[in-house]
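Everything below concerns the one structure shown next.
The values are calculated or read from the model by the stated rules, or taken from the named source; none is laboratory data. Worth saying up front: this structure is predicted, and the values here are computed from it rather than measured. Counting neighbours? That spans all protein chains shown, and the Cβs are built from the backbone with ideal geometry, glycine included.
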Amino acid sequence: MKIAIVNNQVPFVYGGAEFLADWLREHLLAVGHSCEIVRVPFKWNPPHNIVNHMLAARLIKLSSIDRVIALKFPAYYVEHDNKVLWLLHQFRQAYDLWGTPYQELPDTPEGLAIRTAIINADNRYLRCARKIYTNSSVVSARLSEFNGISSMVLYPPLRDEGAYHCERYGDYILCAGRVNEVKRQHLLVEAMRFVQSGVRLIVAGQPESQAYLDRLVSLVKNDHLEDKVDLKMRFVSEEEKISLYAGALATAYIPYDEDSYGYVSLESFHSRKAVITCSDSGGIREIVRDSISGYVVSPTPAALGKAMDLMMLDRPSTEQMGNQGLQEVVKRSISWDTVIRELTA
Amino acid sequence: MKIIVATTMVPFQSGGDAVMLDSLTEMLRQFGHTTDTVRIPFSSVPADMPAQMIGIRLIDLCDDAELLITIRTPSYLLRHPNKISWFIHHHRGAYDLWGTKYQDPQSTEEGLRLRHSLMGADEAALAECRRIFANSRVVSDRLYDFNGIKAKVLYPPLPHTDRFFCSDYGDYVVCISRIVSHKRQALAVESMRHVKSGVRLVIAGPSDDQQEANSLHSLVKHYGLEDRVEIIDHWISDEQKARLYASSLACIYIPVDEDSYGYVSLESAYSRKAIITCTDSGGTLEFVEHGINGLIVHPNSEELAMAMDELMFGKDFARQLGEAASCRPGEMNISWDHVIRELTL
C-alpha cells in the first residue's frame, strides 16, 4: 500500500510525535509498504491562527495514496477516503485544559468562538475517519467524554523492542529520560535521605533547564548524598541507556499526571525491571500495577524511599515483578506487529 | 540565520526540485545557518488548485524564521516578511504550454478563469518576495514575458560534485535520468539503428510508469538492438551512477524543451564527459556549446547517430570536449558559495 503518515510541523521542533512518525514509517517500510511522512505547519499563536491552520489542513489534497494515517490536531483534518487516525492528543486547551491555568485560549468572545470551532470541527470531521486509534486510554476516554466518539487504544511500542534486555539485578534504581520539573526527579533525590538498605539512585538524562539542574545538584550536596546518588546530567546514548537498564535493580518514573504510560515504562519492562511510580502520575498507571509489576506510592520522599528499600531488601519479589512487567507488555500486545496490522487493516 | 526552505511536493514523486531543496538545506547548514524544511503536498490538477492555494496562504510562518526561501510553485504563497523565491518553473500548462497539446487547464470558461486567477496569485505572491531568482535563463525570460517580473539567474549546483570522476573513455554513451516520454530515451534507442561505429548505449533510471520502460524494451527487441543497447529501468545508487559516467564515452541528454540544464548536464561535466543534446532541448543549450564541450544536433535519429559515431571514431575529440565540459560549471558560476551568498545577502 502507498501510505502517507500525516503529522503536524512546528518548524525547528522535533519531538516525540515526530519520532513516532519516523518509527512507524520504518516499520511500515520493513513489511513492504511504501510510506511517506507529510507534515503540515501548525501555529497556535495568536489564537486566530488555529482556525486558519485547521482550514489549511482540510484544504490539502492527497492524491494517488491508498491510506492516510493521521496523528495530530489539526493535521488530522486532511481529507481522504481511506483515513485512519492514531490520535496522540486533541487540542487539549479546548477540552480538558479549558478553565484551567493551561487554557491558553483567551477568555474572550473570540477565544470562545475558537474553542467552539475546534469542538465542532472535531465532532464533524473526526467521524470521517474509517477508524480512530489512540495512544492511551486517557486520550480515548477524553474523546468519548467530550465528543462522544469511540476509539481503540493502540499503544506505541519502542522503536527497537529487541534491544532492551536484563543482565542482572544490581544495587541501583534507574530513572532515565527527560529531566525536568514535571518528571519530578527532585522527589527521587530527596527520597534518598530516607533509604537505609544501601540502594543507590542513578538519574540519567539531559536536564531541560539550568535551574532544575542546579536544584538537583544542591539537593545532593546539602544532604551529603554523593555516595548514594549518581546524577548523569547529559545526553545519554541509546547504547548506554540500554546497558543502564540491563544492570538496574528496578526503575522509577514519577511524572506528574501524564497522558500516556511513556516509553520509560516499556524500556523498563523490556529489561525485566519493576517500576516505582506515583498515584498521581497518570497514564503509567495503565501498565504498572501495585505490588505486581512495581510499586505505586504517594508522591512524597518518605514513601518513595520506602519503596526503594523494599526493592533492595526483597529481591525475589523485585525480580518477579520485573518479569511480570514484561508479561504486562505481552498481554497488551504492545508491539509493532500489532500496530502495523491495525493501522493497515 | 534561522532559515526555512519551503516547497510544494507530490508525495511519492521525487524530482530535481526535491534534490534542490535537500541540497540547499544541507549547504545552508554547512555555512552555519539553522535550517528547517517545509514541504506542502500539492496536486497539480487544475480544478483542485484554487482551494489548495488558499490552504497554503493560510499557513503562517511569519515569525518562525528570519528568512523564508521558497522553491516549487506555488510555495511562494506562504506568508513571511522576508521571503525569497528561487523560482524553478510555472504551472507550465497555463503559461508557455498554453495553446499546445499540453495546455492545462482547458479553454473552457472555467479553465480561462482558473488560468487568470493562477496568474494573478503568482504575480501577487511573487511581488511580496524581497528577491526573486530563477534556476535558468529560460525560466527567467518566461517570468519576464508572462508576468513582467525580473528574476536574476541563479544556477543550482550539484549536491555532491566530488562523487563524480573519470576513469576512461569507453565504448558506450550513457543516458541517466527518469525514463519518461519527454526525455526521449526512445529517440536515443532509435538512433542506434544508424550508428556505424561499435558504440553502445546505456540507459538507466527509474520510470514513473512501467509502460514507458516496457515500450523501450520492445523497441530494442523490434530493431534487434539487444547487443548495442542496455536498459537499467530502475533507480540506481549514486555510486553506481558515478561509475557508469566514469567509464562512458559521452553522455546523451535530449529532453524536449526542458527549463534548465538539469542535474544530468552537471553530472556529465564533473565526470569529464561531452554532452550530446538537441536543438529543441531548452535549458541544456545554456550549458552545452557545440563543438566545445558537447554536440548539439537536430532531434532526429540519423543526426544523433552521427554525433555518437563522431565521438566513438574520434576519442581524442570526445576527451577534449569532456575536459572542456568539466570547466563549464566554473565559467557559469555554478557553485554553492555563490548560491548561499546570493540567497543570504
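Return only the number of the condition from (1) crowded, with 16+ Cβ neighbours inside 10 Å; (2) on the phi > 0 side of the Ramachandran plot that A:GLY148 does not satisfy.
(1)
Do the conditions hold for B:THR34, that is, is it surrounded by fewer than 21 Cβ atoms within 10 Å (Cβ to Cβ), closer than 24 Å to B:SER136 by Cβ, free of Cβ contacts under 8 Å to residues at least 60 places away in the same chain and not assigned by TED's automatic domain parsing to the domain that holds B:SER265?
Considered against the rule, which asks whether it is surrounded by fewer than 21 Cβ atoms within 10 Å (Cβ to Cβ), closer than 24 Å to B:SER136 by Cβ, free of Cβ contacts under 8 Å to residues at least 60 places away in the same chain and not assigned by TED's automatic domain parsing to the domain that holds B:SER265, B:THR34 comes out as no.
Within segment B:308-338, how many residues turn out to be under 19 Å from the mean Cα position of the chain (by Cα) and in contact (Cβ under 8 Å) with a residue 40 or more places away in the chain?
Total meeting the criteria: 9.
Looking at A:GLU18, A:GLU26, can you tell me which residue is surrounded by fewer than 21 Cβ atoms within 10 Å (Cβ to Cβ), closer than 21 Å to A:SER260 by Cβ and either in contact with a Cys (Cβ under 6 Å, 6 or more places away or on another chain) or in contact (Cβ under 8 Å) with a residue 60 or more places away in the chain (or both)? Walk me through how you get there before you give the answer.
On the way: A:GLU18 fails: either in contact with a Cys (Cβ under 6 Å, 6 or more places away or on another chain) or in contact (Cβ under 8 Å) with a residue 60 or more places away in the chain (or both).
Answer to the check: A:GLU26.
Select from segment A:306-329 the residues that are under 15 Å from A:CYS166 (Cβ atoms) and aliphatic (A, V, I, L, M) and write down the one among them that is modelled with the lowest pLDDT.
Among residues in segment A:306-329 that are under 15 Å from A:CYS166 (Cβ atoms) and aliphatic (A, V, I, L, M), the one modelled with the lowest pLDDT is A:VAL329.
How many of the residues making up segment B:203-234 are on the phi > 0 side of the Ramachandran plot, surrounded by fewer than 18 Cβ atoms within 10 Å (Cβ to Cβ) and touching a residue at least 24 places away in the same chain (Cβ under 8 Å)?
As a first pass, look at segment B:203-234 and keep what is on the phi > 0 side of the Ramachandran plot: B:205, B:224.
So of that shortlist, the ones also surrounded by fewer than 18 Cβ atoms within 10 Å (Cβ to Cβ) come out as B:224.
With touching a residue at least 24 places away in the same chain (Cβ under 8 Å) added as a condition, the list becomes none.
So the answer is 0.
What's the number of the only condition in (1) surrounded by fewer than 18 Cβ atoms within 10 Å (Cβ to Cβ); (2) more than 17 Å from A:PRO301 (Cβ to Cβ) that A:LYS221 fails to meet?
That leaves (2) as the condition not met.
Hey, any hits in segment B:24-39 for a residue that's at pLDDT below 95, hydroxyl-bearing (Ser, Thr, Tyr) and within 19 Å of the chain's Cα centre (by Cα)?
Looking for residues that are at pLDDT below 95, hydroxyl-bearing (Ser, Thr, Tyr) and within 19 Å of the chain's Cα centre (by Cα), one finds none in segment B:24-39, hence no.
Which of (1) modelled with pLDDT of 95 or more; (2) within 27 Å of A:ASP22 (Cα to Cα); (3) in contact with a Leu (Cβ under 7 Å, 6 or more places away or on another chain) is the odd one out, the single condition A:MET152 does not satisfy?
With (1) modelled with pLDDT of 95 or more; (2) within 27 Å of A:ASP22 (Cα to Cα); (3) in contact with a Leu (Cβ under 7 Å, 6 or more places away or on another chain) applied to A:MET152, the lone miss is (3).
Can you list the helices (runs of 4 or more DSSP H) found entirely within segment A:180-276 that contain at least 1 residues being modelled with pLDDT of 95 or more, closer than 27 Å to A:MET321 by Cα and assigned by TED's automatic domain parsing to the domain that holds A:VAL296?
A:185-191, A:238-247, A:262-270
Just checking: which of the helices (runs of 4 or more DSSP H) contained wholly in segment A:279-345 hold 1 or more residues that are under 20 Å from A:ALA248 (Cβ atoms) and touching a residue at least 24 places away in the same chain (Cβ under 8 Å)?
The helices (runs of 4 or more DSSP H) meeting that bar are A:301-313, A:315-331.
Among the helices (runs of 4 or more DSSP H) confined wholly to segment B:263-345, which include 3 or more residues that are within 24 Å of B:HIS194 (Cβ to Cβ) and either at pLDDT 95 or above or touching a Leu at 6+ places or on another chain (Cβ under 7 Å) (or both)? I'd like the intermediate steps shown before the answer.
On the way: elements: B:284-287, B:301-313, B:315-331, B:336-343.
Helices (runs of 4 or more DSSP H) meeting the threshold: B:301-313, B:315-331.
Of all residues being in contact (Cβ under 8 Å) with a residue 40 or more places away in the chain and part of a helix (DSSP H, G or I) in segment A:58-91, which is surrounded by the fewest Cβ atoms within 10 Å (Cβ to Cβ)? Just the residue, please.
Ranking the candidates gives A:ARG58 first.
Give me the strands (runs of 3 or more DSSP E) completely within segment B:1-109, filtered to those with at least 3 residues that are within 14 Å of chain A (Cβ to nearest Cβ), ordered by residue number.
The qualifying strands (runs of 3 or more DSSP E) are B:2-9, B:34-41, B:67-70.
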